[in-house]
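Accompanying notes for the structure given below.
The values are calculated or read from the model by the stated rules, or taken from the named source; none is laboratory data. Keep in mind that this is a model prediction, so the values were computed, not measured. For neighbour counting, all protein chains shown are included, and Cβ atoms are generated from backbone atoms with ideal geometry for every residue, glycine included.
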Amino acid sequence: MGRAAISPDGHWFAYTANENGTDEIIVRRFPSGEGRWPISNGGGTFAAWSNDGKELIYRSRDRIMSAPVKMTATTFEAGSSTALFTANADNGLASSFQLSRDGKRLLMVRTTGEDRITVILNFPAELQRLQQTK
């Protein structure tokens with residue numbers, strides 16, 4: 001079992017598992033570990049819960065993905081994942097990212113060979129802009 005993230009309500013955890021030769025994001029009940037809900041399909045690592053617990057954000061190869069989730073203390077449902085944005089693999093997309101508490105910003109470490117930090121403000125507007133250019 002890889003890195004785990006506990007849901008904001010404390011009833012679920014998401015983690016990276018490599019059960020069939022590919023890293024995937026799985027959700028289980030916390031703390032019992034019961035149940036098994038696959039989130040990613042085709043690769044997934046480094047899961048993070050949104051602050052409101054309504055989505056899981058994770059990395060899938062060179063994309064940052066979002067999966068909508070509905071949960072209570074005893075039930076869990078996940079919708080289909082969608083790509084939030086793509087970073088070229090040769091851009092050095094790093095595994096490390098963090099959502100802000102308000103869910104409006106995402107901090108991601110990219111290795112570019114340069115010593116600089118890029119901060120994206122107003123993350124939801126930037127996502128909309130990127131999706132409109134597709």
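Number of residues in the stretch 37-55 that are more than 17 Å from Lys70 (Cβ to Cβ), of a type outside the set (Gly, Ala, Ser) and outside any loop (DSSP other than H, G, I, E, B) equals 2. Of the residues making up the stretch 56-65, those that are farther than 16 Å from Phe13 by Cα and assigned to a strand (DSSP E or B) number 5. Selection within the stretch 37-61: residues that are of a type in the set (D, E, K, R) and under 26 Å from Asp102 (Cβ atoms). The member of this set that is surrounded by the fewest Cβ atoms within 10 Å (Cβ to Cβ) is Asp52.
Entry remark, the stretch 1-36: residues being part of a strand (DSSP E or B) and modelled with pLDDT of 90 or more number 14 in total. Looking only at the stretch 70-82, decide whether some residue is crowded, with 17+ Cβ neighbours inside 10 Å, in a loop (DSSP other than H, G, I, E, B) and at pLDDT 90 or above. Within the stretch 70-82, one or more residues are crowded, with 17+ Cβ neighbours inside 10 Å, in a loop (DSSP other than H, G, I, E, B) and at pLDDT 90 or above. Sub-9 Å Cβ pairs linking a first residue in the stretch 104-132 that is surrounded by 10 or more Cβ atoms within 10 Å (Cβ to Cβ) and charged (D, E, K, R) to a second residue that is assigned to a loop (DSSP other than H, G, I, E, B) and at pLDDT below 70, at least 6 apart or interchain, are Arg110/Ala87; Arg110/Gly92; Arg110/Thr118, ordered by first then second residue. Against the criterion of being modelled with pLDDT under 75, more than 16 Å from the chain's Cα centre (by Cα) and in a helix (DSSP H, G or I), Asp90 qualifies.
The residue list Ser95, Ser66 contains one member that is among the polar types (S, T, N, Q) and at pLDDT 90 or above, which is Ser66. Cβ separations smaller than 8 Å between residues 6+ apart or across chains give the following pairs from the stretch 16-36 residues that are surrounded by 11 or more Cβ atoms within 10 Å (Cβ to Cβ) and among the acidic types (Asp, Glu) to residues that are part of a strand (DSSP E or B) and at pLDDT 95 or above: Glu24/Pro38.
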